[in-house]
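Engineer: One structure, pasted below without further comment.
The values are calculated or read from the model by the stated rules, or taken from the named source; none is laboratory data. All figures in this text were calculated on a predicted structure; none of them were measured in a lab. Note that we place each Cβ from the backbone using ideal geometry, even for glycine, and neighbour counts take in every protein chain shown.
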Amino acid sequence: MMDVIRCNMCGKELSVRNDILMEDAIIISKKWGYFSKKDGETHRICICEDCYDRLADSFAVPVQRDETAEYM
Ligand SMILES: [Zn+2]
């Protein structure tokens, strides 16, 4: 069990309560396969929203945005 997840880009701690991330962030879990140089390795990264915005600004191709209906 993990109490704190840190943003891989800025190191900011994201609070986790009862295994639920209390702020929105990007979590990527990637299992690299045969055609990569990291066959068999699983990499996990977390990017907070501020870092995501900076990262997205640097993309050559803009982020595809779709509106999702609120479900709160
Ligand atoms: Zn960050």
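Engineer: Go through the chain and tell me which strands (runs of 3 or more DSSP E), entirely inside it, have 1 or more residues that are loosely packed, with under 10 Cβ neighbours inside 10 Å and in contact (Cβ under 8 Å) with a residue 12 or more places away in the chain.
Structural biologist: 4-6, 25-31, 42-48
Matching residues to (1) within 14 Å of the ligand (Cβ to nearest atom); (2) charged (D, E, K, R); (3) in contact with a helix residue (DSSP H, G or I) (Cβ under 8 Å, 6 or more places away or on another chain):
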position: I5; (1), (2), (3): yes, no, no
position: M22; (1), (2), (3): no, no, no
position: I27; (1), (2), (3): yes, no, no
position: K30; (1), (2), (3): no, yes, no
position: I45; (1), (2), (3): yes, no, no
position: L55; (1), (2), (3): yes, no, no
position: A60; (1), (2), (3): no, no, no
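Engineer: V4: at pLDDT 95 or above and of a type in the set (A, V, I, L, M, F, W, C), yes or no?
Structural biologist: Numbers: at pLDDT 95 or above: no; of a type in the set (A, V, I, L, M, F, W, C): yes.
Answer is no for this residue.
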